[in-house]
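Reading through the structure tokens given below for one structure.
The values are calculated or read from the model by the stated rules, or taken from the named source; none is laboratory data. The shown structure was predicted, so the numbers you read here are calculated from the model rather than taken from an experiment. So basically every Cβ, Gly included, is an ideal-geometry build from the backbone, and we count neighbours across all protein chains shown. Ligands, DNA and RNA are stripped out before the accessible areas are found, and what is left, the full protein with its side chains, is counted by its heavy atoms. Shrake-Rupley method; radii C 1.70, N 1.55, O 1.52, S 1.80 Å.
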Amino acid sequence: MTSSAVHPTQERPAPPARPSWPDATGHFGVFGGRFVPEALIAALDELTEAYEAMRVDPAFLAEFAALQRDYTGRPSPVTEVPRFAEHCGGARVLLKREDLNHTGSHKINNVLGQALLTKRIGKQRVIAETGAGQHGVATATAAALMGLSCTVYMGEEDTRRQALNVARMRLLGAEVVPVTTGSRTLKDAINEAFRDWVTNVETTNYVFGTVAGPHPFPAMVRDFQRVIGDEARAQVLEREGRLPDAVLACVGGGSNAIGIFTAFVPDDGVRLIGLEAGGDGVDTGRHAATITGGAPGVLHGARSYLLQDDNGQTVESHSISAGLDYPGVGPEHSHLHDIGRAEYRPVTDAEAMEAFALLCRTEGIIPAIESAHALAGTMRLGRELGPEALLLVNLSGRGDKDVETASRWFGLGDRSEVDPGPGMDTDQHATEGAVASGDAVPGQDAGGVA
Amino acid sequence: MSRLEERIRAARAEGRAALVAYLPVGYPDVEASIAGMVAAVEGGADVVEIGVPYSDPGMDGPVIQQAVEPAVRAGVGIRDVLRAVEAVDAAGAVPVVMSYWNPIERYGVERFAADLAAAGGAGAITPDLIPDEAGAWLAASEERGLDRVFLVAPSSTDARLRSTTAACRGFVYAASTMGVTGTRATVGDAAETLVTRTRAVTDVPVCVGLGVSNGDQAAEVAGFADGVIVGSAYVREMLEGRGPDGVRRLSQELAEGVRRQAVRP
């Protein structure tokens, strides 16, 4: 056997066992569960039962594995980024390249699983919520592939921020419904999707995009995403002969982070670090750092940390990244935080955009702004740990969708033709020259960074 | 005995169904919403469901969302709700709070139960709390002698009808159709089927909600249920500016409706 020609993950051993949580009713410690109208319980039970049968069914597992290999392009590679790492205190940095998946992010891992499940339970229609549009595009893609009809709910505000993804979904044959209630962002899209589901549950399956929501979604989405960490753990062991010192990922709802963390949870020596969207800084109140700045409560069907006021009303989140702009977080993250197995740190918009520019200029990789939060956390952690450290980062998505936002942030192109988006004041931000230098972006606010 | 059950049984003794009116606190403002509730009682409501405004009302349709959003923005909270409870109690109807779970959890479950009982509230309806997750609320409501109303739906299995109704006190809220709140042209057969299935497993009264908006529909539902719950139609009176007068007139029409047809034995 010529080992160099064989990708390390093609013969990887069976993945480690499922974590001991959640319990049979979907609780991760005190978090999770089901906080939904009774009308949805039957559908959630049906989904749970079908999923539990399917996840140990060899025929399903083979079909799923074939799709991941031939359609998504798995396994995704691990890339070392030495020029970027020069800005990380000399630590070595490895990227898990989920950005190279078909549709451009980790979201496809989950939707292929849930779309197969939809067919298994005999439903012909799927619905989904989307923030940045990546989950919506992935769901529209899987629906096209499997001949399902597809409706995607997206906050009106987000349809403007992510017009490219709206067009992609429509090209793929999905109906995109702009949601005009509440804050007109992801949380309201989820409310609207639940309203659709409770009305059309006999014909429709809800393809949930992250590790939040009522049981079984957090566990099921985790199981579909854990392939990221299962592959990466084997890949790092193969090339380095050891485990990384830390695994880093951005956290909005938290599916890419759970995806890469899960395989490493039993490895006590490996630090798990989730980077939350710190927006303008946690101390400004304009952020989406749910665990850092929130408190336990109930939102969208589960108990978890959330951003809320004294009346228990969900507080609007703020982030330059539409995919992290969510006031809740998956219950397993809340549990990992409370038991001290994972750490959660905020990254401001400015820090994320600095890391975004740096990866573009040093490695020729344009990351999603979501993933740039993980990169910013890596720069900081590398400086803390020094040159001996080996850091594994989930590059959860690519930045094509963010080109307009980034151009606006950095003042690229003809600024008079660029219409600043909501909440974006281009005057605060850097000029083209600063980006070209590859140095830290001036004008940033380092406030709120722990 | 449960205050809600007592009132519903009193209605049954008159050969009619009970009328349950819903209005949220805080639209167009707290005082005006309380005036609306009092008008609903004056028009003939037996029970008032006092809605706690919530930022993410996943079970509500556009009418109720529209009224609740400004109340949320204005910072209306449990303290205002307790004032409404006192006003409805004083007006002679049975006040029951209708709240998504997070506002109650944030206020503190035991504190909520204590303050609700002190204000004269009969209990609470919790549309996104199923008995399986309700340990703290079951304990607190038990301690304070409060009613707790959980929902059943056409999709509920018989086993769930049994376990959910076993946890209910006051009445069982039968969500008549699969969907969100809002007025509908017809009530549909699903409601009667659900009531029949629910009655087969419990002696707790069964009230029907979702979709009833006028006297004829109220009469139809009164033909098979112990109580008729009306929400969006009341809220629309407030949204369209007819205020307490509109609410009172609607209550009168609905109260006539629930008396039109005798409750089946």
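By a straight-distance test (C-alpha under 12 Å), which aspartates and glutamates pair with A:LYS187 as possible cross-link partners, with residues fewer than eight away in the same chain excluded?
Cross-link targets: A:GLU129, A:GLU156, A:GLU157, A:ASP158, A:GLU316, A:ASP325, B:ASP56.
Around A:PRO216, under 13 Å between beta carbons, what's the net of Lys plus Arg minus Asp minus Glu among the other residues?
-3
Can you tell which of A:THR405, A:THR180, A:THR284 shows the greatest fluctuation in a Gaussian network model of chain A with Cα springs below 10 Å?
A:THR284
May I ask you to work out the translational diffusion coefficient for the range B:61-148 at 4 °C, viscosity 1.567 mPa s, via Stokes-Einstein with Rh from the Kirkwood sum over Cα pairs, reported in whole µm²/s?
For the chosen part, D equals 96 µm²/s.
Taking only Cα atoms and a 10 Å spring cutoff, compute GNM fluctuations for chain A and point out the largest among A:VAL211, A:VAL403, A:VAL251.
Highest fluctuation of the listed residues: A:VAL403.
Shape of the range A:37-91 from its Cα gyration tensor (a ≥ b ≥ c, root eigenvalues): rounded if a/c is under 1.5, otherwise prolate when a/b > b/c, or oblate? Can you show the working numbers first?
On the way: a/c = 4.54, a/b = 1.98, b/c = 2.30.
Oblate.
Please report, in whole Å³, the volume per residue of the convex hull around the C-alpha atoms of the range B:43-101.
Value for the range B:43-101: 96 Å³ per residue.
Calculate for chain B the 222 nm mean residue ellipticity that helices alone would give, adding -39,500 (n - 2.57) per DSSP H run of length 4 or more and normalising by residue count, nearest 500 deg cm²/dmol.
That comes out to -15500 deg cm²/dmol.
With all pairs of different alpha carbon atoms counted, what Kirkwood hydrodynamic radius in Å does the range A:249-383 show?
14.8 Å
Rounded, prolate or oblate: which fits the range A:188-320, taking a ≥ b ≥ c as square roots of the Cα gyration tensor eigenvalues, rounded meaning a/c under 1.5, else prolate when a/b beats b/c?
Cα axes put the range A:188-320 in the oblate bin.
Please tell me the relative contact order of the range A:146-266 in percent, rounded to the nearest whole number, where contacts are Cα pairs under 8 Å and at least six residues apart. Could you put the intermediate results ahead of the total?
Details: 137 pairs, mean separation 24.1, N = 121.
Here the relative contact order equals 20 percent.
Tell me what chain A gives for mean residue ellipticity at 222 nm when only DSSP H runs of n ≥ 4 count, each as -39,500 (n - 2.57), the sum divided by the residue total, rounded to 500 deg cm²/dmol.
Theoretical 222 nm ellipticity from helices: -11500 deg cm²/dmol.
Round to a whole number: what % of the accessible area of chain A belongs to carbon and sulfur, probe 1.4 Å? Before the final figure, lay out each step's value.
Details: 7790 of 15350 Å².
Ligands and nucleic acids excluded, carbon and sulfur reach 51 percent.
Rounded to two decimals, what ratio of Rg to Rh does chain A give with C-alpha atoms and a Kirkwood Rh?
A ratio of 0.94.
Separation of the range B:48-105 and the range B:194-227 by C-alpha centroid, Å?
23 Å
Rank A:GLY32, A:GLY397, A:GLY285 by mean-square fluctuation in a GNM of chain A with C-alpha springs under 10 angstrom and give only the top-ranked residue.
A:GLY285
Tell me, rounded to the nearest percent, the portion of alpha carbon pairs in the range A:137-182 spaced more than 17 Å apart. Numbers along the way, then the final one.
Working: 282 of 1035 pairs.
That tail contains 27 percent of the Cα-Cα pairs.
Based on Cβ point charges of +1 for Lys and Arg and -1 for Asp and Glu, what charge dipole magnitude is obtained for the protein assembly as shown about its Cα centre, in debye rounded to the nearest 20?
Taking the Cα centre of the protein assembly as shown as origin, the dipole is about 1340 debye.
Please give the net charge around B:PRO57, taking every other residue with its beta carbon less than 10 angstrom from that of B:PRO57, where Lys and Arg add +1 and Asp and Glu add -1.
Overall, the nearby charge balance is -3.
Find the sum over both chains of the accessible area lost when B and A are paired, probe 1.4 Å, and report it in Å² to the nearest 100.
Chains B and A together bury roughly 2700 Å² of accessible area.
Tabulate in residue order the Karplus-calculated ³J(HN,Hα) for the range B:237-245, using 6.51 cos²θ - 1.76 cosθ + 1.60 with θ = phi - 60°, rounded to whole Hz; enter x for Gly and Pro.
Values per residue, Gly and Pro as x: 4, 6, 4, 8, x, 7, x, x, 5 Hz.
Towards the positive end of the charge dipole of the protein assembly as shown, with charges on Cβ (+1 Lys, Arg; -1 Asp, Glu), say which of A:TYR153, B:VAL206, B:ALA32 has the farthest Cα.
B:VAL206
Would you work out which of A:ASN200, A:GLY253, B:ILE130 lies farthest towards the positive end of the dipole of the protein assembly as shown, given +1 charges on the beta-carbon of Lys and Arg and -1 on that of Asp and Glu, about the Cα centre?
A:ASN200
Could you give the accessible area per residue of the protein assembly as shown, probe 1.4 Å, as a whole number in Å²?
Heavy-atom SASA per residue in the protein assembly as shown reads 34 Å².
With +1 on the Cβ of every Lys and Arg and -1 on the Cβ of every Asp and Glu, and nothing else charged, how large is the dipole of the range B:62-219 about its Cα centre, in debye rounded to the nearest 20?
100 debye
Going by Cα centres, the range A:43-92 and the range A:258-332 are how many Å apart?
That distance is 22 Å.
To the nearest 20 debye, what charge dipole does the range A:115-242 have about its Cα centre, counting +1 at the Cβ of each Lys and Arg and -1 at the Cβ of each Asp and Glu?
160 debye
When a/c reaches 1.5 or more, the comparison of a/b and b/c decides; with that in mind, is the range A:126-217 rounded, prolate or oblate per its Cα gyration tensor? The partial results should precede the final answer.
Details: a/c = 1.58, a/b = 1.05, b/c = 1.50.
Note, shape of the range A:126-217 comes out oblate.
Among all the lysines, which ones have a C-alpha under 16 Å from A:LYS96's C-alpha, if same-chain residues fewer than 8 places away are not counted?
A:LYS107
Within a Cβ distance under 11 Å of B:ASP216, other residues only, what is the Lys/Arg minus Asp/Glu net charge?
-2
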